[in-house]
Structures are given as structure tokens and as C-alpha cells.
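The values are calculated or read from the model by the stated rules, or taken from the named source; none is laboratory data. These numbers come from a predicted model, not from an experiment. Here the Cβ positions follow ideal geometry from the backbone for every residue, glycine too, while neighbour counts run over all protein chains shown. For the accessible areas, the whole protein counts, side chains as well, though only heavy atoms, and no ligand, DNA or RNA atoms are used. Shrake-Rupley method; radii C 1.70, N 1.55, O 1.52, S 1.80 Å.
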Amino acid sequence: WFILQYMSGFGNEHVSEDPRCPGALPEGQNNPQVCPYGLYAEQLSGSAFTCPRPTNKRSWLYRILPSVCHKPFKPLKEGHLTHDWDEVEPDPNQLRWKPFEIPKVPQNKLDFVSGLHTLCGAGEPRGRNGIAVHIFICNTSMLNRCLYNSDGDFLIVPQQGKLLITTEFGKMLVEPNEICVIQQGMRFSVEVFGETRGYILEVYGAHFELPDLGPIGANGLANPRDFLVPVAWYEDRQVPGGYTVISKYQGKLFAAQQDFSPFNVVAWHGNYTPYKYHLEKFMVINSVAFDHADPSIFTVLTAKSTRPGVALADFVIFPPRWGVANNTFRPPYYHRNCMSEFMGLIKGHYEAKEEGFQPGGGSLHSMMTPHGPDADCFEKASKAKLEPERVAEGTMAFMFESSLSLAVTKWGLQTSNCLDKNYYKCWEPLKSHFNSKCK
């Protein structure tokens, strides 16, 4: 009977109840002595109680049984999930990965949790300051098990295959060219429909928010109304064989058993929710005269650090757009950055490296490591006739940018067997055009 429905608005105070139980939300208070339909009231807090109102995040859930009804947690093997940034020696080189391979089902069944592979990161969850970049590769759905992240928020970027994500707040279908955010503490389960792959930006200690627009004004970039929140949906399902609740806690995995589905929330209200966003909705701002604007104009979401103007992590996209700048080298320029830049490709051909950078792969340019267009791109762009042109048509590249210095895991450098050891060669054909007698 269920049809996927959503409510719109970023950070809104939403109210939702499953239509099978009209009036399930208490009227005029959060925690009545007896809730409608005999439900339990449970608050999920995403911020300290005393946070200023603009940053205070919480939701009230009205559920058939409270989430406290489970057996004790026991350690679960993490596989390739880690926050140990000292596994291997630091590597300041430009790094690029070929598409990460998805195992075939008979060979190795992987669901969303067992398919999590940590690529790089910095900081640590106990201190509530840090990030991690994970790759997920899976080929089977989560069955009678769910995950919640005690350490931080997951920003999920599917690259191949759809994700049907069931949460305590309702269901979301997330397809390639969409993203979703599952915030700290929210239980969710992922159903897939074949070989599935994507990227995750995990943030410890901050929540994602829309970037300030400053001189841009009131409108532009990602508009708040284009973010979608699921509507309430519940299942009153007993699981005699045991339902597994997995907690990611201090970088480790733990599993607890219970005999009922955790997706038993009949109604909820609040501003602390999962949400999704379609990247085609992004209103691109670009240079219309000459030179480049900084790539910060392509920021969809930001997780702020304690330093004003400096992000713990930004999620940036490079969508289809018009290039019209006069007397300008239009592709990305050569650059050394005090930030770390991880890039992924959802589809198409990235303008600065059309050959080696492939959908489902990635690259990491660490702090102050030089990077920029390959030799072929430079030569073409330097000689191109500067007419208005569509840039990145049919392409969607993105960047996780962070003020932290990211360490690469052993899986990323060795075990994955996807590291492109010839990446540096794309710049070797660059030659000097210097002529001291001509400017």
C-alpha cells in the first residue's frame, strides 16, 4: 500500500503520522501521561539541550516499543571499517583510484554494513572532531538488521544502483545523482537491487548545514525547499529469529539483538531528520566576465569547524553549466591548497582529466600537494576558441573538502588494489612554453 512521499524544507519543524493511525501525534505537548494508541514517547536529540534555538536539533518519536528494548551490545567484526589513521605511513602524493570493484553475489555477499570500506580520514570520534571517507560496495540488502552511527553523520552519495533506505522517520529512495544524509543516532536499513556502489562522507562533531550566501543574496546554490524528508511509516513486526541492531560507536561496530522491528515509529515531529536532495536542483553560480570564481560557489552542504569561515568538511559538486569567461583558461587551474580534496565521479567525464578519472573511482589531493589539469586538457584549453559552451554536460563530479589533513588507510593504499600507480604520469607531458622575448 505504501507510496513514497516526502515533505520539503531543510531543517524545518516537520510533523508526520502514518495515515493508518490518525491522531497518533499528541496534541499540545510532547510527553503525555498516556500517548494515543498506547504508544511510547521517545526524544532523539541531535544537539545539546542548551544549544541556541537556531542550532537546537531534536525530534519526538511515538513508537510501539521504545528503542531501549534490546539485549546487550556485543562486538561485531568491522571488516574494512576503521578510524586507525596510523596503519600505514603518510603519503603526500597525488592519489587516484580506479573504480572500486563490486564482488559478485555467489562469490561474496555484502550488504551496506559489511560493504563499508574506509578510504581516508582524520581526527577521532571520541573527541568529536574529525571526518572519514568511506566507499560502500554491496550486492545484497540488509535483512533483519539496521545500523545507527553514534559517532556522527553520514552523507551518502550513491554512484551505481538505487538505495531504498528505511529509517525510523520513514522511507527514502535515493538514486545516483541524489544524496542523502542520515544524521547521528538515526537507525536505518538499506535495500539494494543489484550491484551497488557509492561514497560516504562521515563527520564527527558537527551537522551539515546550508552554506551562508553572503553577497550572493537570499537565493541560489542549494535551495532549502528542494531537500526532502520522509513521511512517517511503521511496521509492527515481530522477528522471533532476532533482529540485529548495529551501532557504530567510537569507530567500532557492536551488535544487539531484539525480537521486533526498530521501524515501529507511528508518528513523529521535530527538526532532526534524515533527508535527501537531487543534485540537478542545484542553482549554479558562475563567472560571466573573466577568470574563475572560487570553487566554494559550488558548495551544497557544509559542516562548520570551530574556526569562523573554515569547514570541517564541505560537500561540493561540479554540475553541468555554461562557461562564458573571456580571455580565461576555463578548466580548473593549477593549485596547492591548505585544505584536503577528495574527489569522486558519479557519471560522465570530469573536465580536467577526461581519461583516467572514472565513475566509481576517486582521487585525493592532500594538503599543499599540487594538482590541476593533465597535459592534454591544458593544451586543448589553451588553444580553444572562447565561445559560450556547455561544461560538464552529462557529468557529475563532486568533492569532499576538509580543513583536516587526511590519512589514507591500508585498504586504500594496498588491499583495495585499485590505486592507480601511474597517476603522476598525466602531468609528465607538460612542457615549457616560456619565451623571454615574447609576452
Total residues in the stretch 93-114, condition open to solvent by less than 90 Å² (accessible area, probe 1.4 Å) and part of a loop (DSSP other than H, G, I, E, B): 13
Go through the stretch 242-267 and report how many residues are farther than 19 Å from residue 64 by Cα and assigned to a strand (DSSP E or B). 8
In this structure, is residue 301 within 14 Å of the chain's Cα centre (by Cα) and either closer than 26 Å to residue 384 by Cα or surrounded by fewer than 22 Cβ atoms within 10 Å (Cβ to Cβ) (or both)? no
Just checking, how many residues over the stretch 185-197 are in a strand (DSSP E or B) and either surrounded by 21 or more Cβ atoms within 10 Å (Cβ to Cβ) or without any contact (Cβ under 8 Å) to a residue 24 or more places away in the chain (or both)? 5
Between 243, 249, 234, which is open to solvent by less than 30 Å² (accessible area, probe 1.4 Å) and among the hydroxyl-bearing types (Ser, Thr, Tyr)? 243
Which numbered condition trips up residue 151, out of (1) open to solvent by 20 Å² or more (accessible area, probe 1.4 Å); (2) touching a helix residue (DSSP H, G or I) at 6+ places or on another chain (Cβ under 6 Å); (3) not basic (Lys, Arg)? (1)
Of all the residues that make up the stretch 252-278, how many are surrounded by fewer than 18 Cβ atoms within 10 Å (Cβ to Cβ) and among the basic types (Lys, Arg)? 1
If we scan the stretch 127-147, do we find a residue that is surrounded by 20 or more Cβ atoms within 10 Å (Cβ to Cβ), under 30 Å from residue 19 (Cα atoms), within 17 Å of the chain's Cα centre (by Cα) and hydrophobic (A, V, I, L, M, F, W, C)? yes
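This table checks each residue for (1) at pLDDT 95 or above; (2) under 27 Å from residue 307 (Cα atoms).
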| residue | (1), (2) |
| --- | --- |
| 396 | yes, no |
| 399 | yes, yes |
| 406 | yes, yes |
| 412 | yes, no |
| 415 | yes, no |
| 418 | yes, no |
| 431 | no, no |
Which one of these does residue 120 not meet: (1) open to solvent by 20 Å² or more (accessible area, probe 1.4 Å); (2) at pLDDT 95 or above? (1)
Name the pairs: first residue in the stretch 198-220 and under 25 Å from residue 128 (Cα atoms) and in the same structural domain as residue 134 (by the TED database), second residue of a type in the set (S, T, N, Q) and open to solvent by 50 Å² or more (accessible area, probe 1.4 Å), Cβ to Cβ under 7 Å, at least 6 apart or on different chains? 204/129; 205/129
Wholly enclosed strands (runs of 3 or more DSSP E) of the stretch 306-371 bearing at least 1 residues open to solvent by 60 Å² or more (accessible area, probe 1.4 Å): 321-323, 340-347
